[in-house]
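Here the structure comes first, spelled out in structure tokens, and everything after it is commentary.
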Amino acid sequence: MLINTLLMVSSVFCFKAESDTSFLFREHPRFFEKYKELLVNIRNYYVTPREAEEEFKAMMHELRRKFPNTLVPGEYIPLVFPLAGSNVSAVGGRRGNGFYVRQFDLFDQSVSGSHPAHDIFIYDRDHDCIDDRRGEYVDVVSVGHGIVIAVEHDWQEGSVFRGGNYVWVYDLERGGLWYYAHNRISVVQAGQRVRPGDKLGEVGRTGFNAAKNRSDTHLHLMYLELDDDLYPHPVNYYEWLKDAETIYKSSAAEKYTPPRQLNFIPVKKLKINKPGIHRELPLSLKVPVRASGSTVRSNKKYKRR
């Protein structure tokens, strides 16, 4: 009892000393699961685009605070090519023209008509996800140093969700986000640190469109740059791929142990007083509550004006 009391007091004082954002890693051991929850809320219209944007920016603010960019503006470090044993010749389109942006809004599922990414293919005529020239699955690897912030492992055939098994990585060097989609399997977990060449998964055919016979087996890779207001913008990184290093054997990411939940800390009662920052916990940290106290998830879509 005495130990718990001392830990609680210590945690409160630590929080006061660091309370410069709307939530902190230590007070929310499941922080790295929250980005995936936000993506699900956007996809299912549980939040409006405005609410989703506010929550996204709160998360990115905390990541930037905790992990400042290691590259200064104008500095350049070559990537590792995202498929082991491959190079820019595997990128779809001609000279990178598979990337195009007409309209893009990460926070609004109704905005479409763009392909803000590059598709990187393997030679797989029978669509079994095995490269016919190598006779084996092809590893998807991290292009740089980062932290995994969302993973899908369990996409099921017939699902309408387009990304399939995916991995989102926060880039510790550039301060942006990498999205690796359609993996056969994803082998990392949220919160894990990855280095250039660490295995994230294997090239696959998961996702609503990628699973169809008309689609060739590929990795869908998008990079989002965050501006000064932390709003995400897709970047055509084709020139980076041309200069990327090819590796022939992937490495394993360091093991990640999630922090222990300190359930005696009254997180929801803590208040943030810094102006200009969203003052409440992000929406995905809140659970709708009935008058009786039981939890419920609403299926009601927001109305567009």
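Values in this text are rule-based calculations from the coordinates and carry no lab data. Note that the structure is a prediction, hence the values are computed from the model and not measured. All Cβ positions, even for glycine, are placed from backbone atoms using ideal geometry, and neighbour counts span all protein chains on display.
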Can you spot the aspartates and glutamates whose alpha carbon is less than 14 Å from Lys212's alpha carbon? Ignore those fewer than 8 places along the same chain. Asp124, Asp126, Asp128, Glu157
What is the calculated FRET efficiency for Ser251 to Val111, with r their C-beta to C-beta distance and R₀ = 35 Å, to the nearest 0.05? 0.40
Among rounded, prolate and oblate, which fits the stretch 50-131 when a ≥ b ≥ c are the square roots of the eigenvalues of its C-alpha gyration tensor, a/c under 1.5 means rounded, and a/b larger than b/c means prolate? oblate
What ranking do Thr257, Thr48 get, fewest neighbouring Cβ atoms within 10 angstrom at the top? Thr257, Thr48
What relative contact order, as a whole-number percentage, does the stretch 88-242 give when Cα pairs under 8 Å and 6 or more residues apart are counted? 25
Going fewest to most other Cβ atoms within 10 Å around each Cβ, Lys212, Lys34 line up as Lys212, Lys34
Would the stretch 88-242 count as rounded, prolate or oblate if I go by the C-alpha gyration tensor, calling it rounded below 1.5 in a/c and otherwise prolate when a/b exceeds b/c, oblate otherwise? rounded
Of Glu152, Glu75, how do they rank once you tally other Cβ atoms within 10 Å and put the fewest first? Glu75, Glu152
Shape of the stretch 212-254, Cα gyration tensor, a/c cut at 1.5: oblate
In nm, to one decimal, how far is the Arg50 label point from the Asp216 one, both placed 7 Å along Cα→Cβ? 4.5
